[in-house]
Amino acid sequence: MKYKGRVAVYCDCNSRGGVWAYTVRLLALLKDKGHEALLISHPARCAREEELLATMQRDASQSLLVSREIPPSKSISVISKYLVDKKVEYFIPNYRRISYSAAAFTRKKTRIKIIGVCHNDHESYYSVLIYYQSIISIFICASTKTYKTLWHLLRPPYRPKVRLIPHFVNVPPLKGAKYQSNPFRVIYHGRLQEEQKHCSYMIEVAKRVCDKNGRVEFLLVGDGEDISEYLARIQKYKLKGKVHIKPSLPWNELEELLSQCQLGILTSSYEGFCYGAAEALAMGLPVAAFDCGDVISDFLRDGYNGRVVPWGDVEALSNWILNLVDNEAMWNEYSKNAYTAARDKFSYKIISELYIEALESCEETTEKWPVFRPTFIPEKGKSIRSFVDRKGLQLGFWS
């Protein structure tokens, strides 16, 4: 296949989260479409990170592993030198200020094109894109909500650069899930933590459901810092054998597990796309979810392929699940609609074409980073850099 361009992507190997999943898929897409894909990451510190790093490296032609022991300024310099030396044409910093700072630093030297991806409907993600907006050639948002929000936050000259491109997920030729009521399995896969994901609510739902119907089981699949708290709550509620926590699985094993379940569940307070819900739909699983800020409304429609209740309404979600368990006709209709939504919105063919068109049509920004504006400002605490940036804004040196 004809070589099209050299694209570098930054992603840490410390978590099997949405950004990691996005990076794995993106590297494979780039390779498949004839681009040379380079990975910028950090050394693994344990067996789990070694696995995550190896998975990312699978479709990368080469990798740069930046030491975790060096200060941010040195990391920025190392990444920028690599981008320059390798003659990288496109760089996707993904989410960290260090990688975006390296992009800004590199823009002072080369004509590299920066692709800004909005991964979450949260101020912390928007703020990074806003700070570096002048050097970004194109912005990619995976949901209508993040597209609209970012569009309004950017300065008018940069708004035309925003694109709405969902992430792709594996959509099998035929939906994999089948109805059964004993056991009726409800599954969540993703990070097991309270911040953003609020997995404790799933256990609250499980208690209400399992108290009334002993044929329902809940599976929570993933890694996270709050697992011990969830295990304690499962024991407190006497849900052993009804709520199961499993570690993260390779995709082929996870896909097989999803096909054995009947319902996906989501209790996040915010999302940028939500791979977990999209992947459940692709297997033909309806999804029961808290409303997490309209992001999931692109593909999850209340009463069509799942149930969306006001955030935190455990009672409403529990009652709907109890009603669905013994209603095979309703489940079959929801399941058919779930698979159709995934096929029409997330297929590789559709999304890969949108990505390649975006890359090939994005133009080099004519702006370079202001000479005296700090390329990197620490996220917490006050610093000379933040003082200089504020003064520059007040005096109109940059905007």
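The values are calculated or read from the model by the stated rules, or taken from the named source; none is laboratory data. Bear in mind the structure is a predicted one, so any value in this text is a computation, not a measurement. Cβ: placed from backbone, ideal geometry, glycine included. Neighbour counts: every protein chain shown.
Some points to look at:
- Some residue of the stretch 41-51 being of a type in the set (A, V, I, L, M) and in a loop (DSSP other than H, G, I, E, B): yes
- The stretch 82-111 residues that are at positive phi and in the same structural domain as residue 128 (by TED's automatic domain parsing), paired with ones that are of a type in the set (Ser, Thr, Tyr) and in a strand (DSSP E or B) (beta carbon under 6 Å, 6 or more apart): 94/10
- Selection status of residue 104, over 21 Å from residue 37 (Cβ atoms), out of contact with any Lys or Arg (no Cβ under 7 Å at 6 or more places or on another chain) and among the small types (Gly, Ala, Ser): yes
- Taking residues in the stretch 295-314 that are farther than 18 Å from residue 186 by Cα, and partners anywhere that are among the β-branched types (Val, Ile, Thr) and at pLDDT 90 or above, the pairs with Cβ atoms closer than 6 Å and at least 6 places apart or on different chains are 298/144.
- Which numbered condition residue 236 fails, given (1) farther than 25 Å from residue 334 by Cβ; (2) buried (at least 18 other Cβ atoms within 10 Å of the Cβ); (3) charged (D, E, K, R): (2)
- Which listed residue, of 75, 134, 67, 61, is at pLDDT below 95, of a type in the set (Ser, Thr, Tyr) and more than 19 Å from the chain's Cα centre (by Cα): 134
- Lone unmet requirement of (1) surrounded by 16 or more Cβ atoms within 10 Å (Cβ to Cβ); (2) over 19 Å from the mean Cα position of the chain (by Cα) for residue 241: (1)
- Candidate set from the stretch 259-271 (those that are out of contact with any Lys or Arg (no Cβ under 8 Å at 6 or more places or on another chain) and buried (at least 24 other Cβ atoms within 10 Å of the Cβ)); member that is farthest from residue 318 (Cα to Cα): 271
- Considering residues of the stretch 1-23 that are surrounded by fewer than 19 Cβ atoms within 10 Å (Cβ to Cβ) and free of Cβ contacts under 8 Å to residues at least 60 places away in the same chain only, the residue nearest to the chain's Cα centre (by Cα): 14
- Residue match in the stretch 225-239 (condition: closer than 23 Å to residue 338 by Cβ and either without any contact (Cβ under 8 Å) to a residue 60 or more places away in the chain or not β-branched (Val, Ile, Thr) (or both)): no
- Condition check for residue 173: free of Cβ contacts under 8 Å to residues at least 12 places away in the same chain and either on the phi < 0 side of the Ramachandran plot or in contact with a Lys or Arg (Cβ under 9 Å, 6 or more places away or on another chain) (or both): yes
- Test result for residue 238, in contact with a Leu (Cβ under 9 Å, 6 or more places away or on another chain) and more than 22 Å from residue 300 (Cβ to Cβ): no
- Enumeration of residues in the stretch 193-228 that are assigned to a loop (DSSP other than H, G, I, E, B) and among the polar types (S, T, N, Q): 193, 196, 213
- Pairs, first under 17 Å from residue 30 (Cβ atoms) in the stretch 337-359, second at pLDDT 90 or above and aromatic (Phe, Trp, Tyr), C-beta under 9 Å, six or more apart: 348/168; 349/168; 350/168; 351/168; 352/168; 355/168; 359/90
- Enumeration of residues in the stretch 166-202 that are among the hydroxyl-bearing types (Ser, Thr, Tyr) and either within 30 Å of residue 349 (Cα to Cα) or surrounded by fewer than 19 Cβ atoms within 10 Å (Cβ to Cβ) (or both): 179, 181, 188, 200
- Restricted to helices (runs of 4 or more DSSP H) entirely inside the stretch 87-192, those with at least 2 residues that are under 22 Å from residue 13 (Cα atoms) are 97-107, 123-131.
- Top-ranked residue in the stretch 87-122 [being of a type in the set (S, T, N, Q) and farther than 17 Å from residue 370 by Cα; ranked as nearest to the chain's Cα centre (by Cα)]: 120
- Every residue from the stretch 251-310 that is of a type in the set (Gly, Ala, Ser), assigned to a loop (DSSP other than H, G, I, E, B) and more than 23 Å from residue 140 (Cα to Cα): 284, 303
- Subset of the stretch 139-149 (residues that are without any contact (Cβ under 8 Å) to a residue 60 or more places away in the chain and surrounded by fewer than 24 Cβ atoms within 10 Å (Cβ to Cβ)): 147, 148, 149
- Lone unmet requirement of (1) exposed (fewer than 15 other Cβ atoms within 10 Å of the Cβ); (2) within 21 Å of residue 48 (Cβ to Cβ); (3) modelled with pLDDT of 95 or more for residue 225: (3)
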